[in-house]
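Student: Take this structure, written in structure tokens, and hold onto it; I'll ask about it next.
Only the coordinates and a few stated rules stand behind these numbers; no lab work does. Everything numeric here is computed off the predicted structure, so don't read it as measured data.
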Amino acid sequence: MLQDLRHELESLNLAASGSRQTVELDQSRVGRLSRIDALQGQAMNNAIAARRHNKLLAIEAALERLEEKEFGYCVKCGDEITLKRLELDPTVALCLGCSK
Ligand SMILES: [Zn+2]
């Protein structure tokens, strides 16, 4: 099961780096838009890129925990994170109690 999760995380990782390239291409095209549109587009792209970057960091942290055999345990209290919670988001680092 952990192996499956690892593959899933790695494909997410690849998808995220692919998306980052798309954002760069989009930004090179904003020259055709009006200044206001360009600024709005840029702000939106930045927000999307920031979210992707955070996701990527979460994936890398999860892969690191996998290496350290700490994957699936809450980084705060050390309790096991439920399988249901991990299936929902394999990069989750906190148990239900600690995430509240
Ligand atoms: Zn916890």
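Student: Return the aspartates and glutamates within reach of Lys69: Cα separation strictly under 20 angstrom, same-chain partners fewer than 8 residues apart disregarded; answer none if there are no such residues.
Tutor: Cross-link targets: Asp4, Glu8, Glu10, Glu60, Asp79, Glu80, Glu87, Asp89.
Student: Still on this structure, please answer the following. For Lys100, give me every one of the lysines with a C-alpha distance below 18 angstrom, ignoring sequence neighbours fewer than eight places off in its own chain.
Tutor: Correct list for Lys100: Lys76, Lys84.
Student: When the Karplus curve 6.51 cos²θ - 1.76 cosθ + 1.60 is applied with θ = phi - 60°, which whole-Hz ³J(HN,Hα) does each residue of segment 46-63 get, with x for Gly and Pro?
Tutor: 4, 5, 5, 4, 5, 4, 5, 5, 4, 4, 4, 4, 5, 5, 4, 5, 5, 5
Student: In whole Hz, with x marking every Gly and Pro, tabulate ³J(HN,Hα) for segment 74-90 from phi via Karplus 6.51 cos²θ - 1.76 cosθ + 1.60, θ = phi - 60°.
Tutor: 4, 6, 8, 10, x, 5, 5, 8, 4, 4, 4, 5, 5, 5, 5, 8, x
Student: Report the extension gain between Leu94 and Lys69 in nm, rounded to one decimal, defined as 0.36 nm multiplied by the number of residues separating them, less their alpha carbon distance.
Tutor: Net length gain for the segment: 7.5 nm.
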